[in-house]
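K.L.:
Okay, handing you the structure first.
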Amino acid sequence: MMTNTFFVRPGGVLQGTVQVPGDKSISHRSIMLGAIADGVTEVTGFLEGEDALATMNAFRAMGVAIEGPQAGRVTIRGVGKHGLKAPGRPLDCGNSGTTMRLLSGLLAGQGFAATLTGDESLRRRPMGRVARPLAEMGARIETETGGLPPVRILPSKPLHGIHYDLPVASAQVKSAVLLAGLYATGETAVTEPEPTRDHTERMLAAFGYPVARAGATATLRGHGELSATTIAVPADISSAAFFLVGASIAPGSDLLLPNVGINPTRTGIIEILKLMGADITLENRRLAGGEPVADLHVRHAPLHGVAVPESLVALAIDEFPALFIAAANATGTTVVTGAAELRVKESDRIQVMADGMQALGMVAQPTPDGMVIQGGQPYGGGTVDSRGDHRIAMSFAMAALRASDPLTILHCANVATSFPGFAALAAHAGVRLETA
Ligand code: S3P
């Protein structure tokens, strides 16, 4: 059933244990690398959300046998690096920028034509950022005017490696270039302006494909092979983020979030919340399949506003909608800068968040590259439009914990792209959430 509207009564306390679903970034990559590996890859903890399923369906359409997902288990019968077949139809990436950008890189060197399309939101997102470096590598890749989808990949001469300086801190662009580099002659290197999530590099290594890292540059050589492996996907810190914020702002809260990925390129949310005074501890730290994980224990704590260090922005890029809600519940001013990328996510997350926050009576001023929030003021209820952006819907659900009146959150169906079962899990933990 499509859950389109969240009705959230004010107040509540978050308590108990919440097992959030698998990491979206790692789930995508497990399918992509498993598909082009030699042998059978077994995945556990796979995110059964629409974005990761779009990636799965794309590889099925290219002739890869994939079983599951069933209770997070997926079996991928790898076809080897040159075993993919031309898809008979455009590949529908749904709402998923990761699917479209990483597939653009992976398909650039295949020698067959493919078209990548997606939903209304995705068709507004910039793809020139991947098309440009891939064209430099010799790919024939076309977009609509302005670099918009659909992306059309045409057979080309063999690709050649490049050294690419990323103009924006983007793990998707970095990954697209590295995946194309698997099919390129010589060395492909990507230098990033700020560290971004390194799941592609780590997972390539897990598939036996070496990636060298020197400072800000990741380098690989083309024409190697990948060998199948097993992958245990940790819980998604970006999904845990809503509960970290909710428990931090709701007095009396005490919540355990088991088995969450704490890759240092993803933990900006924890660092920023701690700068604001949050009480979060990382327990039972361990390594699972090349990725560090821990149980996150969060208790309510009074938060105060901060100037978010720009060095943490890329490490928390998907968590800003939730962080803005934390800031509205913190005493004093929070200033976010250097986060213009938020404007080209599933929605313009600066404008859509500011609109919703102002509708509730929060004091939030959007800026070209961030937001200024005067926190600690009481706020009411009302209607907020998430504009079909999953993370915005879930962030406002948490805002209700401290609102004085009920909230109605519109256009929440896309919560299923990253966090199927969110509404039930949030209600179970203590958010007074009902759906329609
Ligand atoms: C992702 C990278 C980030 C992030 C997205 C997932 C990835 O995008 O926002 O949700 O899996 O590589 P950008 O690379 O555009 O910052």
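K.L.:
Of the conditions (1) more than 21 Å from residue 237 (Cα to Cα); (2) touching a Pro at 6+ places or on another chain (Cβ under 7 Å); (3) part of a helix (DSSP H, G or I), residue 405 clears all except one; give me its number.
P.N.:
Looking at each condition in turn, residue 405 falls short on (3).
K.L.:
Looking at segment 330-347, I want the residues that are in a loop (DSSP other than H, G, I, E, B) and within 16 Å of the ligand (Cβ to nearest atom) and have a partner that is open to solvent by less than 40 Å² (accessible area, probe 1.4 Å) and of a type in the set (A, V, I, L, M, F, W, C) with Cβ atoms under 7 Å, at least 6 apart or on another chain. Which pairs are those?
P.N.:
The qualifying pairs are 338/313; 339/313; 339/320; 347/392.
Let's see how each residue does on (1) open to solvent by 30 Å² or more (accessible area, probe 1.4 Å); (2) touching a residue at least 40 places away in the same chain (Cβ under 8 Å); (3) charged (D, E, K, R); (4) part of a loop (DSSP other than H, G, I, E, B):
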residue: 84; (1), (2), (3), (4): no, yes, no, yes
residue: 98; (1), (2), (3), (4): no, yes, no, no
residue: 104; (1), (2), (3), (4): no, yes, no, no
residue: 115; (1), (2), (3), (4): yes, no, no, no
residue: 129; (1), (2), (3), (4): yes, yes, yes, no
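K.L.:
Tell me yes or no: at least one residue of segment 194-201 is open to solvent by 50 Å² or more (accessible area, probe 1.4 Å), within 16 Å of the ligand (Cβ to nearest atom), assigned by TED's automatic domain parsing to the domain that holds residue 177 and closer than 21 Å to residue 133 by Cα. Lay out the reasoning, then the answer.
P.N.:
Within segment 194-201, the first condition is being open to solvent by 50 Å² or more (accessible area, probe 1.4 Å), and the residues that meet it are 194-195.
Still in the list and also within 16 Å of the ligand (Cβ to nearest atom): 194-195.
Retained after the next criterion (residues that are assigned by TED's automatic domain parsing to the domain that holds residue 177): 194-195.
Retained after the next criterion (residues that are closer than 21 Å to residue 133 by Cα): 194-195.
Yes - at least one qualifying residue is present in segment 194-201.
K.L.:
For residues that are more than 11 Å from residue 357 (Cα to Cα), free of Cβ contacts under 8 Å to residues at least 40 places away in the same chain and either open to solvent by less than 70 Å² (accessible area, probe 1.4 Å) or not assigned by TED's automatic domain parsing to the domain that holds residue 408 (or both), tally how many sit in segment 371-385.
P.N.:
Looking only at that region, the number is 1.
K.L.:
Given (1) touching a strand residue (DSSP E or B) at 6+ places or on another chain (Cβ under 7 Å); (2) within 16 Å of the ligand (Cβ to nearest atom); (3) open to solvent by 30 Å² or more (accessible area, probe 1.4 Å), identify the lone condition not met by residue 264.
P.N.:
Unmet for residue 264, out of (1) touching a strand residue (DSSP E or B) at 6+ places or on another chain (Cβ under 7 Å); (2) within 16 Å of the ligand (Cβ to nearest atom); (3) open to solvent by 30 Å² or more (accessible area, probe 1.4 Å): (1).
K.L.:
OK, next. Would you please name the residue that is nearest to the ligand (Cβ to nearest atom), looking only at residues in segment 45-75 that are β-branched (Val, Ile, Thr) and under 22 Å from the mean Cα position of the chain (by Cα)?
P.N.:
Pass one, segment 45-75, residues β-branched (Val, Ile, Thr): 55, 64, 66, 74-75.
Filter again for under 22 Å from the mean Cα position of the chain (by Cα), leaving 55, 74.
Values: 55: 10, 74: 17 Å.
Of everything passing the filter in segment 45-75, 55 is nearest to the ligand (Cβ to nearest atom).
K.L.:
OK, next. For segment 318-342, how many residues are surrounded by 16 or more Cβ atoms within 10 Å (Cβ to Cβ) and touching an Asp or Glu at 6+ places or on another chain (Cβ under 9 Å)?
P.N.:
The number of residues fulfilling the criteria is 7.
K.L.:
Criterion first (buried (at least 19 other Cβ atoms within 10 Å of the Cβ), free of Cβ contacts under 8 Å to residues at least 60 places away in the same chain and farther than 19 Å from residue 314 by Cβ) does residue 162 satisfy it? Explain how you work it out, then say what you get.
P.N.:
Working: buried (at least 19 other Cβ atoms within 10 Å of the Cβ): yes; free of Cβ contacts under 8 Å to residues at least 60 places away in the same chain: yes; farther than 19 Å from residue 314 by Cβ: yes.
Considered against the rule, which asks whether it is buried (at least 19 other Cβ atoms within 10 Å of the Cβ), free of Cβ contacts under 8 Å to residues at least 60 places away in the same chain and farther than 19 Å from residue 314 by Cβ, residue 162 comes out as yes.
K.L.:
Further, regarding this structure: Assuming residue 282 fulfils every condition listed in (1) crowded, with 18+ Cβ neighbours inside 10 Å; (2) under 28 Å from residue 29 (Cβ atoms); (3) touching a Leu at 6+ places or on another chain (Cβ under 7 Å) apart from one, which condition is it?
P.N.:
Unmet for residue 282, out of (1) crowded, with 18+ Cβ neighbours inside 10 Å; (2) under 28 Å from residue 29 (Cβ atoms); (3) touching a Leu at 6+ places or on another chain (Cβ under 7 Å): (1).
K.L.:
Across segment 130-188, which residue is farthest from the ligand (Cβ to nearest atom) among those that are of a type in the set (D, E, K, R) and over 27 Å from residue 30 (Cβ atoms)?
P.N.:
157
K.L.:
If I ask for residues that are of a type in the set (Gly, Ala, Ser), under 20 Å from residue 353 (Cβ atoms) and open to solvent by 10 Å² or more (accessible area, probe 1.4 Å), which ones from segment 405-422 would you list?
P.N.:
Going through segment 405-422, the residues of a type in the set (Gly, Ala, Ser) turn out to be 413, 416, 418, 421.
So of that shortlist, the ones also under 20 Å from residue 353 (Cβ atoms) come out as 413, 418.
Listed by number, the list holds a single entry, 413.
K.L.:
Just name the residue that is surrounded by the fewest Cβ atoms within 10 Å (Cβ to Cβ) out of those in segment 29-82 that are of a type in the set (D, E, K, R) and within 26 Å of residue 122 (Cα to Cα).
P.N.:
If we filter segment 29-82 for residues that are of a type in the set (D, E, K, R), which is where we start, we get 29, 38, 42, 48, 50-51, 60, 67, 73, 77, 81.
Subsequent filtering for residues that are within 26 Å of residue 122 (Cα to Cα) retains 29, 48, 50-51, 60.
Working: 29: 26, 48: 19, 50: 20, 51: 25, 60: 14.
The extreme case among them is 60.
K.L.:
Right, next: Could you count how many residues in segment 131-148 are in a strand (DSSP E or B) and surrounded by fewer than 18 Cβ atoms within 10 Å (Cβ to Cβ)? Talk me through it step by step, then tell me what you get.
P.N.:
Taking segment 131-148 first, the residues in a strand (DSSP E or B) are 140-144, 148.
Within this subset, residues satisfying the condition of being surrounded by fewer than 18 Cβ atoms within 10 Å (Cβ to Cβ) are 140, 142, 144, 148.
Total meeting the criteria: 4.
K.L.:
If you don't mind, another one. Spot the failing condition for residue 151; the list is (1) under 25 Å from residue 342 (Cβ atoms); (2) part of a helix (DSSP H, G or I); (3) open to solvent by less than 20 Å² (accessible area, probe 1.4 Å), and only one is missed.
P.N.:
(2)
K.L.:
Looking at 215, 246, which is the one that is away from the ligand (no atom under 12 Å from the Cβ) and free of Cβ contacts under 8 Å to residues at least 40 places away in the same chain?
P.N.:
Sole residue among the options that is away from the ligand (no atom under 12 Å from the Cβ) and free of Cβ contacts under 8 Å to residues at least 40 places away in the same chain: 215.
The values are calculated or read from the model by the stated rules, or taken from the named source; none is laboratory data. Fair warning: this is a prediction, and the values are worked out from it, not measured in the lab. Note: ideal-geometry Cβ built from the backbone for every residue, glycine included; neighbour counts use all protein chains shown. Side chains included, ligands, DNA and RNA excluded: accessible areas come from the protein's heavy atoms. Shrake-Rupley method; radii C 1.70, N 1.55, O 1.52, S 1.80 Å.
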